[in-house]
Amino acid sequence: MKTRFTALKGAPDVLPPETNLWGRIENAACEVFAAYGYDEIKTSIIEPAELFLRSIGASSDIVAKEMYSFTDKGGRSVSLRPEGTASVVRAYVEHNLSLRPAPQKFFYRGPMFRYERPQKGRQRQFYQIGAECFGTAHPGMDAELIVMLMAFLERAGLPALSLELNSIGCRNCRPAFKQRLREFFAPHLDGLCPDCQRRHEQNPLRILDCKVERCIAIRAGAPLISESLCAECREHFGALLGLLDAMKTPYTLNPHMVRGLDYYTRTVFEVTSGQLGAQNAVAAGGRYDLLVSEFGGPETPALGFAAGMERLSRLLSAAESLSMPRPEVFIASLGREAAAAALSTASALRARDKRVEVGWEGSLKSQLRRADKMGARYVVIIGEDELRSGSFKWKNLGTGESGETGAEEIFNLLS
Ligand SMILES: [Zn+2]
Ligand SMILES: [Zn+2]
């Protein structure tokens with residue numbers, strides 16, 4: 001019996017022409033990132049489960065509910081990566097990249113995995129493009145990374161996105177703030193959602209960005225981290241805002257933004273679009289000054305971001321209608337003898353980066369019909385008569401103009 005397979009739920013295929021759009025987004029990223037000195041790093045998509053437990057945090061939604069983990073044949077607990085930063089930090093420590101001159105800057109792209117209920121804007125396999133920078137605590141680096149992200153989004157064709165910023169403090173000032181939050185939420189514990197009740201002890205910061213209506217209502221009077229920052233954190237954040245002002249990069253302060261991952265310190269940011277509904281973040285990131293040393297490396301301040309390809313692609317395809325690229329030339333090849341001439345003519349055009357299709361089989365009429373469906377600009381006909389005379393008939397399908405030309409002159413048609 002024959003079996004017709006379908007893709008796993010939440011792991012969709014991406015088809016042309018959308019893949020071409022993805023390529024365009026990736027090219028924009030590669031060009032912009034290179035100018036900022038970021039080179040690509042390719043890490044494994046499968047890692048020890050412990051890596052994410054230790055970095056993202058056991059109390060995070062990702063680790064608590066969404067990990068794609070299993071035991072491999074060697075009895076090791078492994079996970080498909082739910083995000084890119086932990087692997088890049090692991091690689092940075094493993095290969096002693098701190099010995100290279102600072103700052104070390106990397107970008108990555110590839111699939112990530114989270115086992116959650118698939119919904120619009122969220123899949124179990126999703127694709128991210130991100131950047132990480134190691135080796136400086138200077139707020140100039142925060143500003144540079146954010147400016148680079150905005151430049152990439154603009155080059156990809158996505159202006160008019162909003163940037164939200166916050167500082168969530170450091171190991172000196174955050175514990176006291178967490179305690180203030182615990183005390184504030186303690187009398188309201190019963191009113192919070194089950195997730196927030198769990199977060200109250202482990203990481204009360206996360207209650208601040210809960211999306212549940214009643215949690216939003218309760219937190220309205222909660223203390224703000226901006227009032228609890230230590231002098232160093234306040235100075236760092238102030239300097240970053242000053243640099244963004246100098247760059248005329250618009251931003252909004254969002255005192256409730258904490259990001260879902262435990263490893264962030266100081267700067268956190270999100271880029272959102274009003275056109276995406278509830279899942280509106282297209283990119284997000286922040287500083288993680290403690291993670292490298294927690295992974296056994298030297299104390300290394302670091303920061304990064306990740307952008308979601310599916311959402312970027314959705315925004316772009318909403319702005320322009322996608323269509324398949326059209327061949328510039330369709331070579332109708334008639335009869336066995338014409339095949340070699342068709343192939344060599346096509347190859348010569350392709351060597352000049354022209355998109356060419358050869359219509360290997362079928363009658364002239366059916367080949368012309370295909371050329372028309374594909375939206376080809378020109379049709380060139382190569383049959384036995386043409387081979388004998390060395391002169392090929394051509395037609396411009398757009399203008400209806402037609403003529404005959406020698407094999408060499410075909411190139412002139414297209415210039
Ligand atoms: Zn601080
Ligand atoms: Zn909640």
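Of note:
- Note on the range 238-357: enclosed helices (runs of 4 or more DSSP H) holding 3 or more residues that are surrounded by fewer than 19 Cβ atoms within 10 Å (Cβ to Cβ) are 309-319, 338-351.
- Restricting the range 265-304 to residues that are within 16 Å of ligand 1 (Cβ to nearest atom) and of a type in the set (A, V, I, L, M), the residue that is nearest to Glu83 (Cα to Cα) is Leu303.
- Scan of the range 202-215 for residues that are surrounded by 13 or more Cβ atoms within 10 Å (Cβ to Cβ), farther than 14 Å from Phe184 by Cα and within 8 Å of ligand 2 (Cβ to nearest atom), ordered by number: Cys210, Val212, Arg214
- Verdict on Arg155 being farther than 30 Å from Ala49 by Cβ and either buried (at least 21 other Cβ atoms within 10 Å of the Cβ) or away from ligand 2 (no atom under 16 Å from the Cβ) (or both): yes
- Any chance Ser162 is under 27 Å from the mean Cα position of the chain (by Cα), over 22 Å from Gly23 (Cα atoms) and surrounded by 22 or more Cβ atoms within 10 Å (Cβ to Cβ): no
- Of all the numbered requirements in (1) away from ligand 1 (no atom under 16 Å from the Cβ); (2) modelled with pLDDT of 90 or more; (3) surrounded by fewer than 21 Cβ atoms within 10 Å (Cβ to Cβ), Arg198 misses one, and that requirement is (2).
- Highlighted here are the helices (runs of 4 or more DSSP H) found entirely within the range 131-221 that include at least 3 residues which are of a type in the set (Lys, Arg): 174-185.
- Of the residues making up the range 125-175, those that are over 16 Å from Val258 (Cα atoms) and within 16 Å of ligand 1 (Cβ to nearest atom) are Ala137, His138, Pro139, Asp142, Asn172.
The values are calculated or read from the model by the stated rules, or taken from the named source; none is laboratory data. Values in this document were obtained by computation on a predicted structure and should not be read as measured data. Cβ: placed from backbone, ideal geometry, glycine included. Neighbour counts: every protein chain shown.
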